[in-house]
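Everything on this sheet refers to the single structure shown next.
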Amino acid sequence: MPDYKAPLRDLKFVTEEVLGLHDHYASLAGAEEATPDMVDAILEEGAKFAERVLAPLNQLGDQQGCQFKDGIVTTPDGFKEAYQQYVEGGWPSLSHAEEMGGQGLPESLGMMVTELVATSNWAWSMYPGLSHGAMNTLELHGTEAQQQTYLTKLVSGEWTGTMCLTEPHCGTDLGMLKTKATPNDDGSYRISGTKIFISAGEHDMADNIVHIVLARLPDAPAGTKGISLFIVPKFKVADDGSVGERNAVHCGSIEHKMGIHGNATCVMNFDDAEGFLIGPPNKGLNCMFTFMNTARLGTALQGLAHAEWAYQNSLAYAKDRLQMRALSGPKAPEKAADPIIVHPDVRRMLLTQKAFAEGGRALIHYCSMLVDTVKSGPEEEREQAETLLSLLTPIAKAFLTETGFEAANHGLQVYGGHGYIADWGMEQNVRDSRIAMLYEGTTGIQALDLLGRKVLMSQGETLKAFTKVIHKFCQANEDNDAIAHLIKPLNALNKEWGEITMQVGMKAMKDREEVGAASVDYCMYSGYVTLAYFWARMAVVAQQKLEQGDADAAFYQAKLHTAAFYFERILPRTKGHAQMVLAGAESLMAMDEAQFFNR
């Protein structure tokens, strides 16, 4: 049976020792309650909930799946009860404003708990996960009345939320959406249309579901400039805040998916459903970006979750499974064969998983601390944090989901033929991880956002904000001989990053197709360099701890070994991506469409 153990030691290393979590919290307005003791207590309780309640439901949820009958969705056994425990524990309210019933703790602390919950059971975690984005949207763009009516119930966890964007004919291209919003005399709207791929769109876990829906007003301009955003509750809400009659929004069916069977992915039909405008008319996409940015970091976390889960389980198997002898001679002569962890290729897969999981953890929580700074950090630091976050969000979403899928596949491979069998849970992890590269914007869409919008449209200034951070780090450690083998290549790649960007930009001035042709390889290149920066930072701290004679020497030595592995065996992938970035669009675009014939 697969298992999960919350990696609290590594999580605290990354956040406290590398990223300076407690100094960071001291700089935030309103974060006085986030003391070291409070943080430790929250993480310990979050770990217990993830390990004891959610992890045992992960495989069961995959096997049972969600059931759909007559418009009603029933979640797998134990899911509803686990959600009630989640609500009773106050977990939904952790990082939301006290005036809305929240606990007022930093976003980054909520992200740490989310990592534990998500890794233990991704399908279950999506139910409260979608609510988090809905809460952020209402907090920033809802009226006071909307916040009192809907936000308070979402914060408490009594109700859950969704985001309703995609339609049968329109996925990424939201300018094509057809869902209509017709004004009523009382200020409400009648919402009509069909949305698909709506995660947690219908379920039996909460008293009400608050749908955040994109639709068009009758006089709206065409394209993305004519989209508005609406609140559409599953049940109408009475004046006293209680749940009233059923609204005209129903689940038409649930999708039969490759993975994440424990979460209902719904077709939602809106038949003149009562809705309420959020934000200004025709500015819905601007408001929805609040939701989408939250979701993109959440999906980046999914990549980390699948890498971590794969690593934990395949490592345990590799230590136990006996097959063949080590090429250099028996390592366990008293046994019939050696554990497979002695074989170099198995170690290659395990170290790749470890490098992506632990490096991804540093990137994710660095981004979540930037979210804190944007929201409530010192005024002089907010603009810089927002710039860095805008660059790193598409990198984190695309790169970590791609590498998370790679790590999940390595996990299955370590098990050999057993990995292909459902009992071990590794094939579920592969299936569950595959969607992460698709929703909230595919890898290609994230790459276009990164290279086209974030980098080239800012004339490289957004990129420079981060390459300066790396440059200063390399300067500060240029005399550190113990990690020179990390600092020198990182410094060189940091410079090359800017040079490649300039070359692509020059090509794009003559042919815009060059951006699309280069974007995915550019994004992956950016991800490998970004993770190299975080591995170098972790190595600096680990080296310092070893020099100080820290008692946890094995932990820090493992960090140095993994950093060296990343730089020697994974970071060279940048060479191939750089070459493909600069190869240009011709080999992609030269062939006539008619030549793409069926053979």
Taking only the alpha-carbon atoms of the range 460-520, the convex hull volume per residue, in cubic angstrom, is 79 Å³
Which cross-chain or sequence-distant (5 or more) residues have an amide H under 5 Å from the amide H of Asn282, H modelled 1.01 Å from N in plane? Ser228, Leu229
Please state the shape class of the range 1-70: rounded when a/c is under 1.5, otherwise prolate if a/b exceeds b/c and oblate if not, all from the C-alpha gyration tensor. prolate
Taking placed amide H atoms and a strict 5 Å upper bound, the residues 5 or more places from Asn208 or on another chain that come that close are Thr160
Calc'd 3J(HN,Hα), the range 422-434, phi into Karplus 6.51 cos²θ - 1.76 cosθ + 1.60 (θ = phi - 60°), Hz, glycine/Pro = x, comes to 4, 4, 7, x, 6, 5, 4, 4, 5, 4, 5, 6, 5
Quick one: Cα centre-to-centre distance for the range 243-261 and the range 1-51, in angstrom? 35 Å
At what distance in nm do the modelled label points of Asp271 and Asp423 sit from each other, each positioned 7 Å from its Cα along Cα→Cβ? 4.8 nm
A correct Kirkwood calculation over the Cα atoms of the range 396-519 returns a hydrodynamic radius in Å of 17.3 Å
Measure nothing fancy, just the Cα-based angle from helix 107-120's long axis to the longest principal axis of the chain, in degrees from 0 to 90, nearest 10. 80 degrees
Highest to lowest packing among 509-517, 437-445, scored as the average C-beta count within 10 Å: 437-445, 509-517
State which entries of Lys234/Lys257; Lys257/Lys354; Lys464/Lys507; Lys195/Lys234 exceed 26 angstrom in Cα-Cα distance in the structure shown. Lys257/Lys354
Sequence order, the range 509-514: Karplus ³J(HN,Hα) from phi using 6.51 cos²θ - 1.76 cosθ + 1.60, θ = phi - 60°, Hz rounded, Gly and Pro as x, gives 5, 9, 8, 5, 4, 4
Counted charge near Val267, where neighbours are those whose Cβ lies closer than 14 Å (Asp, Glu -1; Lys, Arg +1): -2
Can you compute the helix-only [θ] at 222 nm over the chain? Use -39500 (n - 2.57) per DSSP H run of at least 4 residues, normalise by all residues, nearest 500 deg cm²/dmol. -17000 deg cm²/dmol
Sparse-neighbourhood loop sites, GluC sites (Glu not before Pro) in the range 307-370 - DSSP loop, at most 16 other Cβ within 10 angstrom: Glu334
Heads up, the range 289-350 by the C-alpha gyration tensor (a ≥ b ≥ c square roots of eigenvalues; a/c under 1.5 rounded, else a/b over b/c prolate, else oblate) looks prolate
Roughly speaking, what is the centre-to-centre gap between the range 213-236 and the range 478-530 when only Cα atoms are used, to the nearest Å? 40 Å
If you consider only alpha-carbon coordinates, what radius of gyration and Dmax does the range 443-589 have, in Å? 17.3, 59
When the Karplus curve 6.51 cos²θ - 1.76 cosθ + 1.60 is applied with θ = phi - 60°, which whole-Hz ³J(HN,Hα) does each residue of the range 477-493 get, with x for Gly and Pro? 10, 5, 9, 8, 4, 5, 10, 4, 5, 9, 5, 5, x, 5, 4, 5, 5
Determine the principal axes of the Cα atoms in the range 1-146, then give the extent along each, sorted from largest to smallest and rounded to whole angstroms. 51, 45, 21
Alpha carbon convex hull of the chain, volume per residue in cubic angstrom: 180 Å³
For a test of the definition: using alpha carbon positions, the gyration tensor, and the 1.5 limit on a/c, classify the range 149-223 as rounded, prolate or oblate. oblate
Would you mind checking the pairs Lys468/Lys495; Lys153/Lys397; Lys375/Lys397; Lys225/Lys397 and listing those with alpha carbons more than 18 angstrom apart? Lys153/Lys397; Lys375/Lys397; Lys225/Lys397
On a 0 to 90 degree scale, rounded to 10, what angle separates helix 36-48 from the longest Cα axis of the chain? 80 degrees
Amide H neighbours of His203 under 5 Å, counting only residues 5+ apart in sequence or on other chains, H built in-plane at 1.01 Å? Val73
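Readers should treat all values here as calculations from the given coordinates under stated rules, not as data from a laboratory. As the structure is a computational prediction, the values presented were derived from the model and not from experiment. So basically every Cβ, Gly included, is an ideal-geometry build from the backbone, and we count neighbours across all protein chains shown.
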